[in-house]
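First comes the structure, then the notes that go with it.
Read the figures in this text as sums done on the coordinates, not as results from a lab. Bear in mind that the values here come from a model prediction, so they are computed numbers and not experimental data. A quick note on method: Cβ atoms are made from the backbone with ideal geometry, for glycine too, and the neighbour counts reach across all protein chains shown.
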Amino acid sequence: MFEAALYDLDGLLVDSEPIHGRASEKALGVYGRKLSDIPENIRKSFYGKRVIDVAAGVVESLGLSISPQRWASERLAFFMQLIEEGIGLMPGVERSLDLFDRLSVRTGLVSSGDRDYVLRVLELTGVRSRFAAVVTGDDVTVGKPDPQCYLLGAKKLGADPARCLVLEDAHPGVLAGKAAGMKVIGVENLFNETFDGADLVLPSLAVLGEKTLAALER
């Protein structure tokens with residue numbers, strides 16, 4: 001049996017991607033620019049990465065005369081305002097957490113987001129107590145697809161990486177989980193089409209069950 005299950009946050013645990021888009025548009029609007037000014041292939045490459053890494057790509061792509069740190073900070077301020085208007089869990093999240101509780105599998109959260117944002121989202125959605133460990137983009141020096149974040153999550157839970165399951169909705173996260181030597185389930189959403197390397201792809205966390213977990217452990 002798996003020792004631990006490590007969840008991504010944005011797009012997997014919470015329905016935050018539309019809010020991310022709104023925050024980015026507001027932060028770019030300050031400089032008279034729009035997300036659509038960035039080529040689509042570059043925008044897609046941002047998905048699942050740390051905010052500072054996304055900010056570096058935005059600033060470089062648009063030739064903005066500010067630092068990535070400044071734009072990331074400005075964008076975060078807009079984002080923190082927007083989530084107070086409401087942010088919800090993705091389908092099947094609580095059911096999956098109940099499943100791991102029942103099987104005595106420890107759960108952790110591994111996100112590319114800023115710590116303040118991650119903790120506030122967990123508070124707003126009422127699931128902070130469901131995770132024995134939380135890793136954010138502020139806790140690592142290199143973001144996904146590097147495995148550092150997932151290895152840190154396993155370490156915080158006292159789990160063998162080889163006995164950990166990663167739940168991801170973004171390709172950089174899938175690659176990070178596999179590079180950490182973990183089993184990875186890709187969970188589909190409207191913002192990501194690539195799950196290359198995942199051990200299994202599910203349409204939703206709502207269909208995750210004991211039989212699925214048992215099959216992955218073979």
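Across q = 0.15, 0.21, 0.27 Å⁻¹, the stretch 105-190 modelled as identical point scatterers on its alpha-carbon atoms has Debye log10 I(q)/I(0) values of -0.50, -1.01, -1.46, in the order of the q list. Under the convention that each Lys and Arg Cβ holds +1 and each Asp and Glu Cβ holds -1, the size of the dipole of the stretch 105-196 around its Cα centre is about 480 debye.
Expressed in units of 2.2 N^0.38 Å, where N is the residue count, the Cα radius of gyration of the chain is 0.99.
Just subtract the alpha-carbon distance of Arg70 and Ala206 from 0.36 nm times their residue separation and send over the number in nm, one decimal.
45.1 nm
For Lys26, a cut-off of 23 angstrom between C-alpha atoms picks up these lysines, skipping any fewer than 8 places away in its own chain: Lys34, Lys44, Lys49. Where only DSSP H runs of four or more residues are counted, the chain gives -13000 deg cm²/dmol as its mean residue ellipticity at 222 nm, each run worth -39500 (n - 2.57).
Restricting the calculation to Cα atoms, the stretch 17-83 yields a radius of gyration followed by a Dmax of 10.6, 29 Å. Note on the chain: with a GNM built from Cα contacts shorter than 10 Å, the maximum mean-square fluctuation among Pro91, Pro18, Pro172 falls on Pro18. In the elastic network of the chain, a GNM with C-alpha springs shorter than 10 Å, the most mobile of Leu82, Leu122, Leu167 is Leu82.
Mean-square fluctuation check for the chain, GNM, Cα pairs under 10 Å: which of Thr107, Thr136, Thr125 is largest? Between Thr107, Thr136, Thr125, it is Thr125 that shows the largest mean-square fluctuation.
In whole Å, how far is the Cα centre of the stretch 1-22 from that of the stretch 81-131? For the stretch 1-22 versus the stretch 81-131, the Cα centre distance is 8 Å. Considering only Thr194, Pro145, Pro18, the residue lying farthest towards the positive end of the dipole of the chain is Pro145, judged by Cα position with unit charges set on Cβ.
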